[in-house]
1. Count, please, the residues in segment 25-54 that happen to be in contact (Cβ under 8 Å) with a residue 24 or more places away in the chain and either among the polar types (S, T, N, Q) or in a strand (DSSP E or B) (or both).
2. Are there any pairs, at least 6 apart or on different chains, whose C-beta atoms fall under 8 Å, with the first in segment 57-83 and over 17 Å from R16 (Cα atoms) and the second surrounded by fewer than 17 Cβ atoms within 10 Å (Cβ to Cβ) and among the acidic types (D, E), and if so, which?
3. Which residue, of G63, G29, is over 12 Å from the mean Cα position of the chain (by Cα) and exposed (fewer than 15 other Cβ atoms within 10 Å of the Cβ)?
4. How many residues, within segment 64-83, are part of a helix (DSSP H, G or I), over 13 Å from R38 (Cα atoms) and polar (S, T, N, Q)?
5. Which one is nearest to A83 (Cα to Cα) among residues in segment 37-60 that are surrounded by 14 or more Cβ atoms within 10 Å (Cβ to Cβ) and among the charged types (D, E, K, R)?
6. Which ones in segment 25-53 are of a type in the set (D, E) and over 23 Å from Q75 (Cα atoms)?
7. Of the residues that make up segment 8-17, is at least one without any contact (Cβ under 8 Å) to a residue 12 or more places away in the chain, surrounded by 11 or more Cβ atoms within 10 Å (Cβ to Cβ) and at negative phi?
8. Residues of segment 13-24 being assigned to a loop (DSSP other than H, G, I, E, B) and either under 15 Å from L78 (Cα atoms) or polar (S, T, N, Q) (or both), which ones?
Amino acid sequence: MALSAGLEAAGTPATRVSTTARCTVEKVGSGFKITKIRLETVGEVPGIDQAAFTKAAEGAKEGCPVSGALKGNVQLELDARLA
């Protein structure tokens with residue numbers, strides 16, 4: 001949602017954005033913990049190039065409330081590409 005809102009605010013609204021999140025769960029001590037989340041985002045955004053889309057996606061990741069809550073606890077990876 002943050003990416004779509006950011007793209008629209010920049011004057012380049014997305015036609016479509018699809019994101020998949022994959023978690024890595026590892027044994028830590030006597031229990032298990034989510035240690036990494038990989039976000040794979042594919043967007044259809046008329047009027048921007050790959051560099052602009054990547055920059056927008058990174059900005060959304062950094063400003064997202066969920067990312068903020070996870071920061072320092074879970075490694076976040078992002079693969080953002082245009083369709």
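Throughout, read-outs are computed from the coordinates displayed, never taken from laboratory work. What you see is a predicted model, and the numbers here were worked out from it, not measured in a lab. All Cβ positions, glycine included, derive from the backbone under ideal geometry; neighbour counts span all protein chains shown.
1. 13
2. Sorted first by the residue in segment 57-83, then by its partner, the pairs are L78/E58.
3. G29
4. Count: 0.
5. The residue in question is E40.
6. Matches in segment 25-53: E44, D49.
7. yes
8. Result: T15, single match.
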